[in-house]
Structure formats: C-alpha cells, structure tokens
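We did not get these values from a lab; they are worked out from the coordinates using the rules stated. The model shown is predicted, which means the values in this text are computed figures rather than measured ones. With ideal geometry, Cβ positions are generated from the backbone for all residues, glycine too; neighbour counts draw on all protein chains shown.
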Amino acid sequence: MDAVLLARLQFAFTISVHIIFPAFTIGLSAFIATLLILWQRTGKDHFHRLARFWTKIFAVSFAMGVVSGIPMSYEFGTNWSRFSEVAGNIIGPLVGYEVLTAFFLEATFLGVLLFGWNRTPPWLQATAAVLVAVGTATSAFWILSANSWMQTPAGYTMKDGIAYPADWWAIVFNPSFPYRLSHMLTAAYLTTSLVVLAVGARYLLVDAFKVEARTMMRMGVGMLAVLGPVQLLLGDQHGLNTLEHQPAKIAGLEAHWRDTGPADLVLFALPDEVAQMNRAQIAVPHLGSLILTHSWNGRVPALEDFAADARPRVTIIFFAFRVMVGIGVLLITLGLTGAFLWKRGQLFTTRWYLRAVGWSWPLGFIAILSGWLVTENGRQPYIVYGILRTDQATSPVATGALAGSLTAFVLVYGVVFSIGIYYIRKMIRHGPQGAAVATAALPHELPNQPLASARESVRESRSEPPAI
Amino acid sequence: MSTLAGSAYWLPVICAAVIAFSIAMYVVLDGFDLGLGILFAFFPEESDRDQMMNSVAPFWDGNETWLILGGTGLFVLFPHAYAVIMPALYVPLFSMLLALVFRGVAFEFRWVAKPHHRKWDIAFSAGSIVATLCQGFMLGGLLGGTRVAAGQFAGGAFDWLTPFSLVCGLGLLVGYALLAATWLVMKTSGSLERRARRSARLLLVGLVGFIILVSVWTPLEFPGVAQRWFSWPNILYLSPVPVATAFFAITCWRGLAGSRFFFSPFYKAVALFVLAFVGLLISTMPYLVPPAITIWDAAGAPSSQRFVLIGVAILVPFILGYTVFVYYHFRGKVRADEGYH
C-alpha cells in the first residue's frame, strides 16, 4: 500500500474514533449545565441526580475524547508535514486558538464539575458546567473554522507555494464555515438528545427511575422535535453553499455524471466509476434540480464537467450521503411522533415508541460519521481545496512506520474504546441512583460528606443493576 | 544573527519563549501526575492508590492540555521545525501518545471497573512509565542532533535511539517520580505521606546523579555546549545555574527530612526541574532542531505569529488564573476516600 493511502487511512481512523466523543460531550455538557441550572432554580432532587449521573458518563467520554484528540495535533507533523508547511500559517493559529480559548477552559473546569460535588457551592458547580459546555462548543468553533478553510479557502495569498494569511476575519469566517458550524453543532446536540431519550425510554420500559426517565424523555423529545427540522433547513443551506463553492463534491454525492437537462434525484444506484454511469438506478425526475437549485428546471453541474483527476471518487460519498439524510428523516419522524404522543399524554406509555427510541441511540453518531465521510471525501483529490493535493501533502516517513503506527492505533483504540463504551453501558444500566447531596454545601457538614458519599457510591456499585 | 533587526529578530524570540514556557508548564504539571503512575508500581495497596489518584484527578485534564499547547504551539509558531521534528521523532512520539491513551482513560475507567480495576492500575502505571521514557528519548534524540536536508528530515526512524537518549529517558523517569513523591508529601497524610518522604529522598539522590551525568556528558559530546558554558565570561554569567541547582537540591533534602515541611519539597523539586530546563535551553539556544535549524530559520509567517501572540497575551493570563483557582479550590490534603465516584 502506498504511503499516501496509509496516511489517509490513519487520519481517517483516528479522527473518526475521536469525533464520536466530542460529538457526544458537546451536547452532554450543555445538558448537564441545563440540569444543574434547573436544580438550582427548582431545588428538585431528580435534576441533581440526573446531573451527577450524566457527569460520570461525561467524565469517561471526555477522557476518551482527550486521549484520542492529542494524537491529532501531532499527526499534522508526523504524517502530513508538507500540509503543515503549506497551510500551517493559517491552520496553525486556528488550532492554537482552539487550545487557548477552549481546551484549557473545559479541561480545567471539568475538574471542578467532577470533584466539586462536596467541596463546591451549587452556583459554582453550575458555573463550571456552563463553562465546560461553552468550552466544548468553542472548540467546535475553531476546529470547524480550520476544516472549513480547507474546504473553502479565503483571506490568503500564495507565495512560493505557501499560503500566507492576508485577512484573518475572512479566514476564520470563510464561506462554508457558518454552515458547517451550525450543521455540526446541531448534529452534536441532536446526537446527545437521542442518547438521553433512548436511556429514558429504556428505563421506562423496565419501570426503573421513572421520575428521571420522564425528564430525560421530555427533554430528548423536545430537542429532537425542534432541532430535527432545523437541521433539515441547515443541511439544505449547507448543500447550496457547497454547490456554489465545491460543485464537484455535489456532483459526486448525487452521482450526477452528465448534465443533460433538469437533474434527477437519485434515490438509489450502484455508481460505476469506470463506465462513469449508475447501475440499478432509482431516480425521481426534476427533484434533484428542485432541491439543489430550488427551481423545477435548474441545471446542476455534472462530474464530466471536471477533469478526471480533479473530482472525488463517487461511491463512498454517494452512499454516505444517503445514510446521513436517511437518518435525518428518521430523526425528524421520531421527534415529531414523540411530540404528538406527548401532546396526547401517551409519551411514557406507548411501548412501541419507547422500544423504537430505545434502539435509536447510535443513529446520531452514524449520521455524523457519514456526514464527515461525505465532506472529507468530497474534497478529494485536494487536502486544501484548489491549493494542495492530498498526494502532495505527506511527510518523508517510511511506509513501514506508517503501517506500524496505523496498526498500533487500530489495536489500542479498538481495545481501549470498546472497553470504554462497555463501561458507559454499565453505568447506564446502573442508573441515576443515590440521594442528592443538596445539603453538602453547608460548611459544617463538609468534613464528613466525602466519606458518606463515597460509602454510598460503594454501596451503589455493589447493588444489582436493573435488567435493561 | 546580526542581519536580523527589529521584529524579524524579536518575534521568533518571543515565540520561542512562549513554547519554552508551555513545555516547562507541561513538564512540571504533567510531570507530577505521570510520576504518580511511575510510583504506582511501588505502592500496591488499593487505598494508597485511590488516594494517589484522587490527589491529581481534578487536575490531570488541564495538565495534559499543556502538551497540546506545546504541540500546536510548535506547529503554529515554528512550522518548519515542527515539520522536521515530528517525522524525526515519529516512533517515540507515537509510542508516547498511545501510552497516554492508556493512562488517561485509566483515570476514569479504574473507578468504573472496581472491583476489577487491577488492569487499569497496570495500564496507568505502564502508560505513565512508557510516556515518560519516550519524552526522555525525544529530548535526548533532539539534543543529539537531527539530520536535515533541504528543510526536511533526512534521517532514519531510529536515529533518536542513542546511549545519551536512554540516559535522558531514565533521568526523566527518576525526575517525574521525585515530583510525584514530593506532591504526595504535600497532598496526602499518614503512612502514605511517610513512605512518599522516604522514596522522595532516594529519588532526589538519583535525580541529582542524572543531572550531574548529563551536565558532564553534554559538554564532552557536543563541543558547542562546552563552548557555551565554559568560555569566558559565560562561565561567570552562567554559574548561578549550577549553584542554584545545588541550593535547591540541598534544601529539598532538608525539607524531606523530619516531618515538618509539606510544601517546600515539592516546590524545591519543581525549581530543580525548571533549572534543568533552563540549563538545556542555555545549551541549545538558539537552535530549535540542533544542529540545523534556529528559531529564526523555523519561524512561521510573522502575521500568523502576531495573530497567535495576541491570543496568548490575552488568554494565557486567564488560563493561569483559573488554573491557580482550581488548584486552590482543591488545596490541602486529600481525605481518604474522597472523590466523585
């Protein structure tokens, strides 16, 4: 296998594993902050129990996000040193600002959030949760700005093959950034909402933690019913933006080989990259034009308009795009159905719905991964669109070293993160137990409280989990 | 470097100071929590290990972030050095990152896995030891010189592996363990604290031995280093470094004796680390990748450096502020069984 492919596989693998955790923790931190604020306002115990419960899961997820994220900041140099040289003046500061504005904030206040239950007044705890949530979203801001610049570069000048910044505002807010940021953040909040909803539904199915489960169901369904349709609009706008700036990507993900009239919407096909045509195609006439140009007879650029070595491979992006959109439609259906049942007062008793959402927790993650497959593969053969080709961007590293490190990553990540997800499952089965420590903030109780809560947590961990 | 004037001279110098600062922060902060992993091997009792973990659990995420700042800082401010160093240190770097995966997740997994947490104790300890060794190898490999041709790394995958880098790896192992032992003296009580004191004295002797060894070895092996330290009048200006090192080593020893001082051994150990780091900077300046690339050769676009330095100037004080706040918030000795788990 050649070095470029190995380097690409390694980055694809490490970032795909990594994105799962931030995608979850961005939403989860906001959820925990909301719960703590609600607890402060209402004084209701179950908000606090839920906050503590999800904070434990957050801690495990965040740790996995941190350790899988650190390699990324070094892979630019180890595997992509030419990319670092050409784009480093621009990408570097954006990543640097992520570290300065976001990483330290979230990592530091996570300590207060996690370990402050007995040492910290509730308002500070809630503030820490808000800061962690702001940190995770800020992180997304900078990383998506950097990625968007690689998709739609702006505000730079080229000198001797190296990109130099000319206008930082134009760089940060490059043309695709607002769309990508809102699309990804919404995706992250939807993903977490679905997990929360699924956990609530599973508890209700076995009659466990009913108060907490209902709160989770209500919050999850509400988020899904509102953000699902919003995401559809954002996705549509993002698509139009891509059509404007990266038409080859759109042509590829629609498997639109030739521009012979109003575009069909291809629902299913087996794209044949050699013959440059679709086999077994099922398509709706005019619908492609309608979606992409918002007009009945609009023309859409086709793959043949681009040189063969300047357009993406079709198969991956074609299918990944359909997976993402399909899941999106499913999420909207689940959200609206849930809202309808809620209105009728049947949300907590409709068992088929509880079962359906109980199984739907992975959907958000799959949609996010599919979406990234589309946007990253759709940018090929460029690593920085129109500036640097991917096969020109690698490091002078031996194939053996690349293959070795890739193997090591697959093995280590495979073992460690599987176990981590197993532990999260274990914690979810264990459930939001234990009394709230509403009185812990009283100073005179401080010295004894840690012992008490630790004993309690030992008790908890030995009790049998409900069968979910 | 007299041809460079004004900001062309100073901007890379300021940037180098920022990188040096974040590396120093990383070494001190993550040093003591990596060191706890090293000490884990010698403290088999579960309750001891729980306390050791809890003493650092609120901080480790923040500590490790300095590593990301160091990596991205180099990427941002000195892209040409970054593009050479990363391929040159490929093997130890990736080994370190993977080791950090194991020890990082162990912080959380260990509690969830209880009572079947032994494997995560091992992961924490082994991960910390491997990560530390790799950091030492990288340091030694970098000091030993990197082959560069046409601005790119031109050496082999194992160039970093030399007797000198092995010594650096072992030295760092002892040093981090010392930081951790003095941290435990400060943060724990009872028998754990007493045993930490004993280990710390042993480790202090070991670290001083390694400092002497490296201080003798580097001038003998690298003529530039000898020139830097022992030529007149440098020897006069630089003499405070070894004198201060000796002073802190002795006061650290005295702080560890008896049982009156909880804080001072840790601070003295930190001072030793900072001095050793300053010594290394003196030996290598102005090279980022000895013997080929200086900070001026490696500097990125001035407008990029400026853009980041503005952020650093505004944000790093905040970061330091809330870092201090969190350390203050969780000050004092760890109570047995404390934690959120």
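In whole Hz and in residue order, list the ³J(HN,Hα) couplings for the range A:170-179 that follow from phi through the Karplus curve 6.51 cos²θ - 1.76 cosθ + 1.60, θ = phi - 60°; x for Gly and Pro.
Once rounded to whole Hz, the list reads 5, 5, 4, 9, 5, x, 8, 4, x, 5.
When the chain is fully extended, how far beyond the present Cα-Cα distance does A:R425 get from A:Q40, taking 0.36 nm per residue of separation?
135.8 nm
Quick one, can you get me the convex hull of the C-alpha atoms of chain B expressed as volume per residue in Å³?
135 Å³
What is the magnitude of the charge dipole of the protein assembly as shown about its Cα centre, with +1 placed on the Cβ of each Lys and Arg, -1 on the Cβ of each Asp and Glu, and no other charges, expressed in debye to the nearest 20? Could the numbers behind the result be given before it?
Numbers: 54 positive and 42 negative charges, 474 e Å.
With only Lys, Arg, Asp and Glu charged at Cβ, the dipole is about 2280 debye.
Could you tell me how many degrees, from 0 to 90 and to the nearest 10, lie between the Cα long axis of helix A:45-78 and the main elongation axis, the longest principal axis, of the Cα atoms of chain A?
Here the helix axis deviates by roughly 30 degrees.
How would you rank A:L36, B:L213, going from fewest to most other Cβ atoms within 10 Å of each one's own Cβ?
Lowest to highest Cβ neighbour count: B:L213, A:L36.
Separation between the A:A307 and A:L9 pseudo-spin-labels, each 7 Å from Cα along Cα→Cβ, expressed in nm?
2.9 nm
What are the trypsin sites (Lys or Arg not before Pro) within the range B:81-189 that DSSP puts in a loop, where the Cβ has at most 15 other Cβ atoms within 10 Å? Don't skip to the end; give the middle numbers.
On the way: sites: B:R103, B:R110, B:R118, B:K119, B:R147, B:K187; in loops: B:R147.
Passing both the DSSP loop test and the Cβ count: B:R147.
Would you please name the trypsin sites (Lys or Arg not before Pro) within the range A:341-438 that are DSSP coil residues with at most 13 other C-beta atoms within 10 Å of their C-beta? Kindly include the intermediate steps, with their values, before the conclusion.
Working: sites: A:K343, A:R344, A:R351, A:R355, A:R379, A:R389, A:R425, A:K426, A:R429; in loops: A:R344.
Sparse-neighbourhood loop trypsin sites (Lys or Arg not before Pro): A:R344.
So between A:Q276 and A:E244, what do we pick up on full extension, going 0.36 nm a residue minus the alpha carbon distance?
9.2 nm
Which entries of A:K56/A:K343; A:K44/A:K343; B:K119/B:K187; A:K44/B:K187 show an alpha-carbon separation above 29 angstrom in the structure shown?
Check vs 29 Å cut-off fails for A:K56/A:K343; A:K44/B:K187.
Once you sort the root eigenvalues of the Cα gyration tensor of the protein assembly as shown as a ≥ b ≥ c, which label holds: rounded (a/c under 1.5), prolate (a/b larger than b/c) or oblate (the other case)?
Because a/c hits 1.5 or more and a/b fails to exceed b/c, the protein assembly as shown counts as oblate.
Using the Cα gyration tensor of the range B:82-224, with a ≥ b ≥ c the square roots of its eigenvalues, what is the shape: rounded (a/c below 1.5), prolate (a/b larger than b/c) or oblate (neither)?
It is oblate, given that a/c is not under 1.5 and a/b is not larger than b/c.
List A:I291, B:I85 from most exposed to least, where exposure is judged by having the fewest other Cβ atoms within 10 Å.
Ordered from fewest to most neighbouring Cβ atoms within 10 Å, A:I291, B:I85 come out as A:I291, B:I85.
By how many nm would the segment from B:Q227 to B:E45 grow when fully extended, if each residue of separation counts as 0.36 nm and the alpha-carbon distance is taken off?
Residue separation times 0.36 nm, minus the Cα-Cα distance, leaves 60.5 nm.
What list do you get for B:D33, A:D259 if you sort them by fewest beta carbons within 10 Å?
Starting with the residue having the fewest Cβ neighbours, the order is A:D259, B:D33.
With helices defined as uninterrupted DSSP H runs, which ones in chain B have an alpha carbon span along their own long axis of at least 20 Å and mean Kyte-Doolittle hydropathy of at least 0.0?
Qualifying helices, which must be both long enough and hydrophobic enough, are B:7-40, B:60-77, B:90-113, B:118-144, B:163-187, B:190-221, B:240-256, B:264-284, B:302-329.
In terms of the Cα gyration tensor, with a ≥ b ≥ c the square roots of its eigenvalues, is the range B:184-314 rounded because a/c is under 1.5, prolate because a/b exceeds b/c, or oblate?
The shape class here is oblate.
Would you mind checking the tilt of helix A:104-115 against the longest principal axis of the Cα atoms of chain A, expressed as 0 to 90 degrees and rounded to 10?
Taking the Cα atoms of chain A, the angle to A:104-115 is about 30 degrees.
Based on the mean of other beta carbon atoms within 10 Å per residue, what is the order of B:157-170, B:307-320, most packed first?
B:157-170, B:307-320
If you line up the long axis of helix A:449-462 against the longest principal axis of chain A, both from Cα atoms, how many degrees apart are they, to the nearest 10?
Compared with the principal axis, the helix lies near 70 degrees.
Evaluate peptide A:83-90: per residue, the Cβ atoms of other protein chains within 10 Å of its Cβ; return the mean as an integer.
5
When Cβ neighbours within 10 Å are restricted to other protein chains, what is their mean count per residue of peptide A:60-66?
Mean partner-chain Cβ count within 10 Å for A:60-66: 5.
Normalised by the number of residues in chain A, what is the relative contact order in percent for Cα pairs under 8 Å and 6+ residues apart?
21 percent
Amide H to amide H, which residues 5 or more places from A:A283 or on other chains are under 5 Å from it, using H placed in the peptide plane?
A:L267
Work out the FRET efficiency for B:S259 and A:A403 from their Cβ-Cβ distance, taking R0 = 60 Å, and round it to the nearest 0.05.
0.65
Using alpha carbons only, how many angstrom separate the centre of the range A:53-110 from the centre of the range A:158-237?
19 Å
Out of the range A:254-324, which GluC sites (Glu not before Pro) are coil in DSSP terms and have no more than 16 other C-beta atoms within 10 Å?
A:E273
Can you tally the net charge around A:A33? Count Lys and Arg as +1, Asp and Glu as -1, for every other residue whose Cβ sits under 13 Å from the Cβ of A:A33. Display every interim value, and only then the final one.
Details: positive: A:R41; negative: A:E106.
That sum, taken over residues with Cβ under 13 Å, equals 0.
Can you give the FRET efficiency for B:I282 and B:A313, using 1/(1 + (r/R0)^6), R0 = 25 Å, r = Cβ-Cβ distance, to the nearest 0.05?
Efficiency at R0 = 25 Å is approximately 0.45.
If you line up the Cα atoms of chain A on their principal axes, what length do they span on each, largest first, in Å?
Result, largest extent first: 73, 51, 40 Å.
If you take the beta carbon distance between B:A5 and A:Q392 as r and set R0 to 51 Å, what does 1/(1 + (r/R0)^6) give as a FRET efficiency, to the nearest 0.05? Present the calculation step by step, with values, prior to reporting the outcome.
Values: r = 35 Å, r/R0 = 0.69.
After rounding, the FRET efficiency stands at 0.90.
Other chains near B:153-159: what is the mean number of their Cβ atoms within 10 Å of each residue's Cβ?
2
When Lys and Arg each count +1 and Asp and Glu each count -1, what net charge do the other residues less than 13 Å away from B:T132, Cβ to Cβ, add up to?
-1
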